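Heads up: the structure comes next, in structure tokens.
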């Protein structure tokens, strides 16, 4: 067991972990942060996507040991002042949620994109979520949800 | 007071907030404390083999191993329609991945290590990997005990063969009718195995506590079917087996009936009182859970000189896999739906459920309908091309209308299929010139229609319980699973509409068989209709109790009262109102001055009342199913003649939903259905080499991605009410993927003249067809119209 300090959703955790444990396992099993989902554990489905230092990553492919000193954000940490993040609202409004299992990863991929590029093209949105699989929605509502937030923030800038 | 409609409006999903915040819990998210043990299964590496010996001695010695179970101790049979499966393999294995032994240990790693230490000796046996081979006289028999298995009365196994169900239709006189046809097309179509690939893999935790009570927390579409089949198989009293299912991360059929739970319950028994968890890997998900059955379809359709269908003769060979406890009913459904949604006076159909040494075939979205329509709708397209008839005109002429006689001799109920054809034709702009694409791309358009009935036993029931709270909010208990289709939302809408309260005040709960009422299963797109009827009855039951109480207090008749916005009011006396919260818990004084009522609960149940048996030899009977949902899709594709790549540009889809309880949700289901239909049309196939899946991960098993979706989907619905449906509704979840694949295939033919006979429509097949067409150009005319791929 190794002692590490993990910063998740702006909170520091002092925890003991096995060196081989992935960030996904540590979040889910040790910190009880369960929005990142276990879908394949091979980086193929994107259900475990979280944001690490501003980039969307598959938490099943990242060793927790490597995360010391990094900022991890999960779906649990994107509300501000108790208000839903605009992406969360947009996913509800656009029918981008069905079974909900891909939803946390999708929202985090969308957020990583918008944080870096507040007004992406539709093609950039598709690239951003191309590592996230969804079997229910047919993707179109997800793309339009992210697009609506992009348009929103572009509108605010004017 | 004015009642605002809730049914028929596009309210937000009741589960969406939980799902966008991460609050929604799935089985893998539940915590069980430090006593939790982990399971792993020893699986067969052979498609067909005798088990000679299982040696668990060295595995048992591994520190941290708590229990090992095999088919020796757990040899009872289990199954939904045919009890042909054991919890663990007994004497024989019949597919690669079949559980032979189970281990429970302190950690997942120890469990897996112990599995590796279990030594199993096998004697490999010849296998069957093609459904037609299963019927050959010299085929090895996979289930020697088929004659001894228990089965449902509407299933017809043929002991001594590999046929676990043979459904026959003999209607009219096909032999004579074919002689009267001016055009007959006969062709063969093939559908490979695919895997449902829900993003949430199967996961289950089981516990037998110190008092002997079993609890299962499982990712299941069917908590009550689970309890029924498992309790029966393991001889547990039903009230001592509790099944809890939180939200489900997709299922599409692979989490219906019993799947991994049969293997975990014995381990829980052996490790009592510790809970034991089994979480499948993605690889196991591909190898060892239900797959969609494969199909070889021989289709023969004859028409007269006006294009009217006179006869059909269809033979379906289902590649049903190693166990067909569930799949036998897919064979049946494809039999009683064997003509597609057409009025066909003369029908001969044989649907065979064939045992093979492939993974276990089970229910998947569409339940046989995407598979049979793949062939039927293409043969119809071929006929249209041959006789020079527009495919929409052909379908408008031939589709079943109210009062027509169906394939099984029943009378077709009011149906809007005709209207869906009209709508889709307009939306795809069928009559306008096709857009041009830059060379080497060719544009094509195609259309396909469909029908599908809920396939279930005649007595599949639903029930609902609602209870009021002090603030007049409602908790609604049902056991249909919220699997992504939005059933909780439409149940809340129906409940709120009847009770006269805002829909946000109704909270719908995921089931726990200890507290939630019975529901057969979340399958067959039956919940809106069946569970909806139970919810409406429960809501009316509560409403009547409330109105009766208030009427007594006001000394009037309950008929003079109504409820809107949580207030009971007198229709003709605006001074008389009372808020529900003053009624629903603490009672109301009657006109005699005595306190009456008490906490209000509503109960309701529903069972289809008039589904009849079908004759074993002819498949005929007055009412084969409760109803059919019908629809049409048309697509526009671009086919690259140099690469063979097919890009779906545009889809128009329309279904007759009876009544759209939540219109936006119907559209969302339609878009999701187009996605899944497109994915199966162009990409999905579980590649099997001697029964062993080779593309068992998400890199090699390709599903349609975000970039594969059409540029435009025009989804719509029509509403021809279902007489016995809640508010006139019938189901539409599965149907939305049924016609997509044949519509795309018909569009590919329209674009480049290549008829694709086997799914998926890969660039290789399209290119091979284009090449063959070119080589046929020198050959006689009648050969040109058919390039077989």
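The values are calculated or read from the model by the stated rules, or taken from the named source; none is laboratory data. Predicted model, so just to flag it, every value in this text is computed and none were measured. Cβ sites come from the backbone with ideal geometry, for glycine too, and all protein chains shown count toward neighbours.
A few comments on the model shown:
- Filter result for the condition that a residue is outside any helix (DSSP H, G or I), at pLDDT 95 or above, more than 8 Å from chain B (Cβ to nearest Cβ) and under 17 Å from residue B:18 (Cα atoms), over A:96, A:90: A:96
- Count of residues meeting criterion [facing chain B (nearest Cβ under 9 Å) and closer than 22 Å to residue B:249 by Cα] in the range A:106-134: 6
- The residues on offer are B:691, B:677, and the sole one that is out of contact with any helix residue (DSSP H, G or I) (no Cβ under 8 Å at 6 or more places or on another chain), within 22 Å of residue B:289 (Cα to Cα) and buried (at least 21 other Cβ atoms within 10 Å of the Cβ) is B:691.
- Boolean, residue B:167 is assigned to a loop (DSSP other than H, G, I, E, B), outside the structural domain of residue B:329 (by TED's automatic domain parsing) and touching a residue at least 24 places away in the same chain (Cβ under 8 Å): no
- Candidate set from the range A:47-70 (those that are within 9 Å of the chain's Cα centre (by Cα) and not in a strand (DSSP E or B)); member that is nearest to the other protein chains (Cβ to nearest Cβ): A:47
- Members of the range B:634-662 found to be more than 21 Å from the chain's Cα centre (by Cα), at negative phi and surrounded by fewer than 24 Cβ atoms within 10 Å (Cβ to Cβ), listed by number: B:638, B:640, B:641, B:642, B:643, B:645, B:647, B:649, B:650
- Residue match in the range A:27-38 (condition: part of a helix (DSSP H, G or I) and farther than 22 Å from residue A:111 by Cα): yes
- Residue match in the range B:696-707 (condition: touching a helix residue (DSSP H, G or I) at 6+ places or on another chain (Cβ under 7 Å), assigned to a helix (DSSP H, G or I), within 14 Å of chain A (Cβ to nearest Cβ) and surrounded by fewer than 24 Cβ atoms within 10 Å (Cβ to Cβ)): yes
- Residue satisfying condition, being at pLDDT 95 or above, over 23 Å from residue B:762 (Cβ atoms) and within 14 Å of chain A (Cβ to nearest Cβ), within set B:664, B:683: B:664
- Taking the listed residues B:339, B:324, the one that is at pLDDT 95 or above, assigned to a loop (DSSP other than H, G, I, E, B), touching a strand residue (DSSP E or B) at 6+ places or on another chain (Cβ under 6 Å) and closer than 30 Å to residue B:389 by Cα is B:339, with no other qualifying.
- On the stretch given as the range B:12-43, residues that are within 9 Å of chain A (Cβ to nearest Cβ), touching a residue at least 60 places away in the same chain (Cβ under 8 Å), touching a helix residue (DSSP H, G or I) at 6+ places or on another chain (Cβ under 6 Å) and not in a loop (DSSP other than H, G, I, E, B) total 1.
- Condition met for residue B:728 (at pLDDT 95 or above, on the phi > 0 side of the Ramachandran plot, under 23 Å from the mean Cα position of the chain (by Cα) and more than 9 Å from chain A (Cβ to nearest Cβ)): yes
- Flag if residue B:448 is at pLDDT 95 or above, within 25 Å of the chain's Cα centre (by Cα) and within 30 Å of residue B:538 (Cα to Cα): no
- Criterion violated by residue B:257 - all others in (1) on the phi < 0 side of the Ramachandran plot; (2) touching a strand residue (DSSP E or B) at 6+ places or on another chain (Cβ under 9 Å); (3) modelled with pLDDT of 95 or more; (4) away from chain A (no Cβ under 14 Å) satisfied: (1)
- Selection status of residue B:89, closer than 19 Å to residue B:44 by Cα and in the same structural domain as residue B:268 (by TED's automatic domain parsing): yes
- The strands (runs of 3 or more DSSP E) found entirely in the range B:191-280 that carry 2 or more residues being surrounded by fewer than 22 Cβ atoms within 10 Å (Cβ to Cβ) are B:241-244.
- Neighbours by Cβ (under 6 Å, 6+ apart or cross-chain): first from the range B:590-611, farther than 15 Å from residue B:547 by Cβ; second surrounded by 13 or more Cβ atoms within 10 Å (Cβ to Cβ) and modelled with pLDDT under 95: B:611/B:458
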